[in-house]
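Input: a single structure, listed below in structure tokens.
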Amino acid sequence: MSESSRSTVIGSALILSGTAIGAGMLALPLVSASTGLMPVMIIFAVTAFFAVISALYAFEANVAIKPGCNLYTMASRTLGRMGKVLSAIAPLGLFYALMSAYFAGGGSLLAQYAQSVVPGASSQLCVMFFALIAGAFVYYSTRAVDLVNRIFFTLMIVTFILALMSLAPSVRYESMIHTARVEYLSVLAALPVIFTSFGYHGGIPSIIIYQKKQLQHIPLIFLLATLIPLVVYILWLVAVMGVLPEGLLLQISQSTGATAHLISALSSDKDVHTILYLFSDLALLTSVLGVALGLFDYLANLLQRADTRIHRLQTALVTFIPPVIIAIMFPDSFVAALGYAAVALVILAILLPTAMVYVLRKQPAYENPFRAPGGTVLMSICFVFGCIIIVSQFISRL
């Protein structure tokens, strides 16, 4: 692999993993409070496996139809009318739900930080400012998102390491292991948010376009984009669940501005607070960049907007204005929006790609330079796993 290829592979993996990490970092401790550490770790491993497999199914279908085409084009050529409807609705539901959640969470964190400097700073203005930062880079180009995401991602990892170092002396490992227990309803409630935390799949077509001349590296990109969040989530959850008792985490998860309260509860030291706020905002910003890029390219294709400045501006407005309005109207929707986003994500990332590959492989003359591992049995298991996530979301809300 050449130096330039290695650079774009790393950049692409960071875009996808950055897309995932923003959701998981802040929501996972809140939904895992009454589940126990070891059950959550098992769910992490299972979810990471199916995240990679489903991404490879999406890649196989994409290459077979037209490299870089969107989900609607893929579904319309393989799954008929129902596929068209689901493929049109699911990405919009997923992207807008995720961006609304990230703007709500990022605006909440930014507001608390801003109010400590400028008392009375408006949380609505913080949401708009947070969106404006992400929108400027997405509007400019995918390359701009790649380059700035590398900077933000590196800063996020640095602040993450500093945060772990500052929290490590307060972690109570024996207490954390002793109190861990399995509550099946809590597992059901956590599963959709955990899956969403590995949900970089909306950005796959954009990455395929970006890597069009070296598609052989795409599987490695998916693997790295899954392993990076997995490692980060494990370290973060151990730190948070080792510092904060279960009762306090449950109380925080039910409070207004839960993400900001979680950061505030982790330390009373001002310097540590600053590090945690910076880390959380960077995690959300890298996530917004990846999700917004996927939505931007999807809308540009759907609305048939050319790659000109005026058309990119029009697409950017349609991409960012709706989630900003939702985040301002429902500022405490962070965790709830992530849970419901899982339903759309399962359709987009698991059910449709699995069905498309199944249909494609049944064609007598089917040939593809890339085939995802596993046969019909693995596809069936992957499909069932997606259905379990959807059922879990609705059962947990009863």
Filter the stretch 201-251 down to the residues that are open to solvent by 10 Å² or more (accessible area, probe 1.4 Å) and of a type in the set (V, I, T) and list them by number.
I209, I228, V231, V232, I234, V238, V243
Residues that are among the aliphatic types (A, V, I, L, M), closer than 29 Å to S141 by Cα and free of Cβ contacts under 8 Å to residues at least 60 places away in the same chain: does the stretch 324-335 have at least one?
yes
Pairs with Cβ under 6 Å, 6+ apart, first in the stretch 284-303 and aromatic (F, W, Y), second outside any helix (DSSP H, G or I):
Y298/N70
For the stretch 127-155, pairs from a residue that is under 12 Å from S287 (Cα atoms) to a residue that is of a type in the set (S, T, N, Q) and part of a helix (DSSP H, G or I), with Cβ under 6 Å and 6 or more apart or across chains, are N149/T286; F152/T286; F153/T286
Matching option when the condition is without any contact (Cβ under 8 Å) to a residue 60 or more places away in the chain and β-branched (V, I, T), among I15, I42
I42
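Yes or no, residue by residue, for (1) of a type outside the set (G, A, S); (2) crowded, with 24+ Cβ neighbours inside 10 Å; (3) in contact with a helix residue (DSSP H, G or I) (Cβ under 8 Å, 6 or more places away or on another chain); (4) closer than 30 Å to S280 by Cβ:
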position: L14; (1), (2), (3), (4): yes, yes, yes, yes
position: S32; (1), (2), (3), (4): no, yes, yes, yes
position: P39; (1), (2), (3), (4): yes, no, yes, yes
position: A48; (1), (2), (3), (4): no, no, yes, yes
position: I65; (1), (2), (3), (4): yes, no, yes, no
position: Y72; (1), (2), (3), (4): yes, no, yes, no
Condition broken by P119, with the remaining ones in (1) surrounded by fewer than 18 Cβ atoms within 10 Å (Cβ to Cβ); (2) in a helix (DSSP H, G or I) satisfied:
(2)
Taking interchain pairs and intrachain pairs at least six residues apart, which have beta carbon atoms under 7 angstrom, with the first residue in the stretch 211-224 and within 22 Å of F198 (Cα to Cα) and the second modelled with pLDDT under 80 and small (G, A, S)?
H217/S5
Looking for something more than 17 Å from the chain's Cα centre (by Cα) and within 28 Å of E367 (Cα to Cα) - is there at least one such residue anywhere in the stretch 29-52?
no
Given the conditions (1) in a helix (DSSP H, G or I); (2) open to solvent by 80 Å² or more (accessible area, probe 1.4 Å); (3) more than 18 Å from F95 (Cβ to Cβ); (4) modelled with pLDDT under 80, and given that D307 satisfies all but one, which numbered condition is not satisfied?
(1)
On the given criteria, is A104 of a type in the set (G, A, S), in contact with an Asp or Glu (Cβ under 9 Å, 6 or more places away or on another chain) and over 16 Å from G199 (Cβ atoms)?
yes
The stretch 78-114, residues that are surrounded by 24 or more Cβ atoms within 10 Å (Cβ to Cβ) and farther than 19 Å from I328 by Cβ:
P91, L94
So Y358 passes all but one of these: (1) without any contact (Cβ under 8 Å) to a residue 60 or more places away in the chain; (2) over 26 Å from I390 (Cβ atoms). Which condition number does it fail?
(2)
Since Y57 meets every condition but one in (1) open to solvent by 20 Å² or more (accessible area, probe 1.4 Å); (2) at pLDDT 85 or above, which condition does it not meet?
(1)
Restricting to the stretch 140-156, what's the tally of residues that are modelled with pLDDT of 80 or more and open to solvent by 60 Å² or more (accessible area, probe 1.4 Å)?
4
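The values are calculated or read from the model by the stated rules, or taken from the named source; none is laboratory data. These figures come from a predicted structure and were not determined experimentally. Neighbour counts run over all protein chains shown; Cβ positions are idealised from the backbone, glycine included. The protein model used for the area step is the full one, side chains on, heavy atoms only, and it has no ligands, DNA or RNA in it. Shrake-Rupley method; radii C 1.70, N 1.55, O 1.52, S 1.80 Å.
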